[in-house]
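> First, the structure itself, so that you have it in front of you.
The values are calculated or read from the model by the stated rules, or taken from the named source; none is laboratory data. Since we're looking at a predicted model, the values are computed, not measured. Cβ placement follows ideal geometry from the backbone for every residue including glycine, while neighbour counts extend to all protein chains displayed. All accessible areas refer to the heavy atoms of the entire protein, side chains included, with ligands and DNA or RNA removed. Shrake-Rupley method; radii C 1.70, N 1.55, O 1.52, S 1.80 Å.
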Amino acid sequence: MEKELPARQWDDRMDAFSKGEPFSRNFVCAGLFHNRNSQYLDNMAKIAKKLIDKQSVNVELRKFLENLNYKVSGNAIYSRQAVNRWISLFKVMKSEQKVGFYRKDENERFNVAELDLGNPSDIQHYAGIIFLRIRGHEDEELSEELKYDLRQELLEDLLEVAEDKWVREYLEKVREILEEIKRGVYGSHYRFPFSTLAYYLFPVNFDRFENVILVSSVSMYSRRPDTKQNLWQELQKAKDFEDLKGHLESTGKSLKDLEELLDQAFKEENLTKLRKEWLRFIKKVLSGEIESRKLVGTFFKKRDTGKKTSVSYGYYQVPARNLELFILYEDGIDNRQIEALKKRLAKFRYAGDVKISVKDVKPIHKLFGGKEYFEILKGLENNSRELKHEESLKLLNALMYFTARLNRFLRLSLEQKENVSGALLLLNTDLEKDQRYDFWDSISSLYDYYGLPFQTATKRFLSTITSSAVIKNMLISLYKDSKILHFNFDGFKLPEEVVVYVILEKPSPRFFYEKSEISLVSASRHYLYEVYTIESKGNNASIWLEDKFFVMCDYFGEDVGRLKEYIRQRMEDKRSRFCFISALKDGYAKVLYEDMCSYSDFERKALFVRYKELKTAYVSQKADNDCLVIYTQQFNELAKSLGIRLEEDAAAIAIKPARPSREFEDIHHPALQVFYTEKIGWSSDEVYSQQHNLFLFTLIALSMYESEAFQVPYSKLSLYSKERNIYLTINRQANDGVRSSYVFPLRTILYELVEFFRHLPGDKEVS
């Protein structure tokens, strides 16, 4: 019997914005697209209809959001089949005929190996991982400003013991210039692009785990030749650039000195010297030969068991449809590059008779309702994370217009059985998109939800399209939700036949709290759940994405019952297991797990798993492609050696994702994926001290599916992105006639926007 949970009450604060009920200026709200005010939602539906019909709504959207009693003109008539309850494309194509291609080569495999706590002398003889903790900042928030300061302090540590003459001279110059940047543009020195400049001059970064700050990446490898040029262009565009120029000149230095120093930082022979000096330094720290003011280190070595456990890279199956792409380009993308891309795609063959064609080429701003709406996606001056009223209205217009356009792409693919329609979005940048296009994540999360074959590309991608590897990685990304991955394995202790259903929880940012609150216990969230199926029989396995579910604030929405029913229908299968994975302690996944455990035998079949990421400071090259695993006992030893205060009294598995060749910058610096669970396994003989059980196998299979690069057989889960605290502000007339400001987290709005478009009024007129 299913136990009766306490009745959930609708939170009236979800209706506050629509009804004009005021909050304090520091209160973080929700309910812009999800509430129980039918009159408000009907008006919003009329705006959605106009957007679907490509009409301009900027004036009416403004008046509607600003004025409590404004009535949107026109009506909204929808076809349920075309708009309401959008069918996920990946579900439609799952049952269709398939074609396929190998991720890499048919016989390509990676090994799975365990790690043990090692001695400093083991570094010379064993592959492994080094962890470095920063002293003196326990239980302290890791701000961008603190990162800048820590980089300066760690540079001082290295400078004191550096043996190489060139390295000492270089670090002296970097020390001086970092201090001058701080003085010259104080307050902006730790923001882009000055923070990026500081990183490339001394490429060490930091991250937080539990109560400590760790060195999270050290990028002293070859760099792409165009990175420096593009960074310098970004510096020249910065508002504070002239201030920096003036300050340097007042100290007897010049921009030329800074540019020459940056040139030195990009030379491969200099990076080699710096890398050797850094490795010599951390080895001395680990051995106790020197006492660093800032670092505490630990080395974990690869255990040699004599037994090989391995997994194949795998084989993708994709729908036997031709891939029809729209190319949407930003101003500044050369037409010759677009033509070269079209020719390259037309010639590429990857899966039987499946072909890639370009349907049309258009400016990218047409996806967002105009240039001014596309421009807002690039972010604000000073990297601001709080949008004012005018900026918020523009961003909302862009997001709603784009969501309406996704409807058209979905309908094209559903109507044309021979083709699947997608898009390449070409951005005029060579830098990583999150360094310049501050709000682009909101766009990618929208097309990701619907499983549409959309992919963002930069000028760097266009410069490498002659490479088959680049095109292949693009295809894996385009088929992100509609692919099936088949692979084989050796050395795992699994049942002869088993089916694991993995329920991944992806929460929205928190809302319903005061920004000044230290504790966010009372805050609320929306949730997205992705459900994956892993089938294993003998030494062969397959994994695919099964479905997606939304659970809104306080566990409302029709997907709550649909998700429960999905699990119930699969309980009786003797082969079935269930794995709930969340980055939260208090999310709905834990409630759902406990709820379903009231059914007989379910608790034996189910695990609830908590997820975190633990950054590494150095991974030996011999261990790059190995899947390295740390089990509970060894993980506790790691925590003790680094002074990490673990909150969990539970079993743990930590997995190091693979990474691509170090031919270029070490962008994909691996974090350990740490998985906690209170139970020892799915059955009494599945203990974590034993190697290679079903739990570990499940996590590896999931990581393999998540990887979108053929050279990297598995990657970290995109389970939970850290909240970047991006807020929209909407000024609205309150019911007392006074205008009030309402603050909304951007990603929370995206959850509501998708849910709103899924449930537009169907087969009826709203007038």
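> Going 7 Å from the Cα of Trp166 along its beta-carbon direction, which residues of the stretch 262-306 have the amide nitrogen within less than 17 Å of the resulting point?
Output list for this probe position: 262-280.
> Shifting gears a bit: For Lys173, go through the lysines and keep the ones whose alpha-carbon is under 20 Å away, minus same-chain ones fewer than eight residues off.
In chain and number order, the partners are Lys147, Lys165, Lys182, Lys228, Lys245, Lys253, Lys256, Lys267, Lys273, Lys276.
> Pick out, in residue order, every one of the GluC sites (Glu not before Pro) in the stretch 217-311 that is DSSP loop and has at most 14 other C-beta atoms within 10 Å; say none if there are none.
The qualifying sites are Glu289, Glu291.
> Here is a further query. Work through the residues other than His389 whose Cβ is under 14 Å from its Cβ and net out their charges, Lys, Arg +1 and Asp, Glu -1.
Neighbour charge sum, excluding His389 itself: +3.
> Within the stretch 114-134, name every residue whose backbone N is under 17 Å away from a label modeled 7 Å from Cα of Glu291 along the Cβ vector.
none
> Can you tell me the FRET efficiency between Lys362 and Lys228 if r is taken as the Cβ-Cβ distance and R0 is 41 Å, rounded to the nearest 0.05?
E(calc), rounded to 0.05, equals 0.80.
> List the residues, sorted by chain then number, that are 5 or more residues from Ala734 or on another chain and whose placed amide H is less than 5 Å from its amide H.
Amide H neighbours of Ala734, under 5 Å, 5+ apart: Arg739, Ser740.
> Relative contact order of the stretch 201-358, please, whole-number percent, based on alpha carbon pairs below 8 angstrom and at least 6 residues apart.
Relative contact order for the stretch 201-358 comes out at 15 percent.
> Separate question: Quick one: if the Förster radius is 35 Å, what FRET efficiency do Glu558 and Ser121 give, using the C-beta to C-beta distance and rounding to 0.05?
Working from the Cβ atoms, E equals 0.05.
> Oh, and also: Counting only protein heavy atoms and a 1.4 Å probe, tell me what percentage of the chain's accessible area is made up of carbon and sulfur.
44
> Now for a separate question. Work out, step by step, the length gained on full extension between Asn211 and Glu96: first 0.36 nm times the residue separation, then minus their alpha carbon distance; give nm to one decimal.
36.5 nm
> Here's a follow-up. Using θ = phi - 60° and the Karplus form 6.51 cos²θ - 1.76 cosθ + 1.60, what ³J(HN,Hα) does each residue of the stretch 180-195 get, whole Hz, x for Gly and Pro?
Each residue's phi maps through the Karplus curve to give 5, 4, 4, 6, x, 10, 4, x, 10, 4, 9, 10, 5, x, 5, 5 Hz.
> According to a simple spin-label model (label point 7 Å from Cα along Cα-to-Cβ), what is the distance in nm between Ser56 and Ser38?
3.5
> Please tell me the relative contact order of the chain in percent, rounded to the nearest whole number, where contacts are Cα pairs under 8 Å and at least six residues apart.
Answer for the chain is 23 percent.
> A further question follows. If Val754, Val59 are ordered by their accessible area, calculated over protein heavy atoms with a 1.4 Å probe, which sequence runs from highest to lowest?
Largest to smallest exposure gives the sequence Val59, Val754.
> Using Cα positions and a limit of under 14 Å, work out the aspartates and glutamates in reach of Lys302, with same-chain residues fewer than 8 apart set aside.
Glu114, Asp116, Asp122, Asp624, Asp626
> Can you give the calculated 222 nm mean residue ellipticity of the chain, where each DSSP H run of n ≥ 4 adds -39,500 (n - 2.57) and the sum is split over every residue, rounded to the nearest 500 deg cm²/dmol?
Using -39500 (n - 2.57) per qualifying helix, the result is -11000 deg cm²/dmol.
> Could you state the number of Å between the C-alpha centres of the stretch 498-577 and the stretch 412-428?
The stretch 412-428 and the stretch 498-577 have Cα centres spaced 28 Å from each other.
> For Asn67 paired with Gln9, estimate the spin-label separation in nm (one decimal), with each label point 7 Å from Cα along the Cα-to-Cβ line.
Placing both labels 7 Å along Cα→Cβ, they lie 3.6 nm apart.
> Post the alpha-carbon centroid distance, the stretch 225-266 to the stretch 449-491, in whole angstrom.
When both Cα centres are located, 36 Å separates them.
> When the chain is fully extended, how far beyond the present Cα-Cα distance does Asn731 get from Gln569, taking 0.36 nm per residue of separation?
Once the chain is fully extended between Asn731 and Gln569, it gains 53.6 nm.
> Let me ask you something else. Once the Cβ-Cβ distance between Asp304 and Ser254 is put in as r, and R0 is 60 Å, what FRET efficiency do you end up with, to the nearest 0.05?
0.60
> Just how far, in whole angstrom, is the stretch 153-218 from the stretch 267-316 if you go by their alpha carbon centroids?
One Cα centre to the other: 20 Å.
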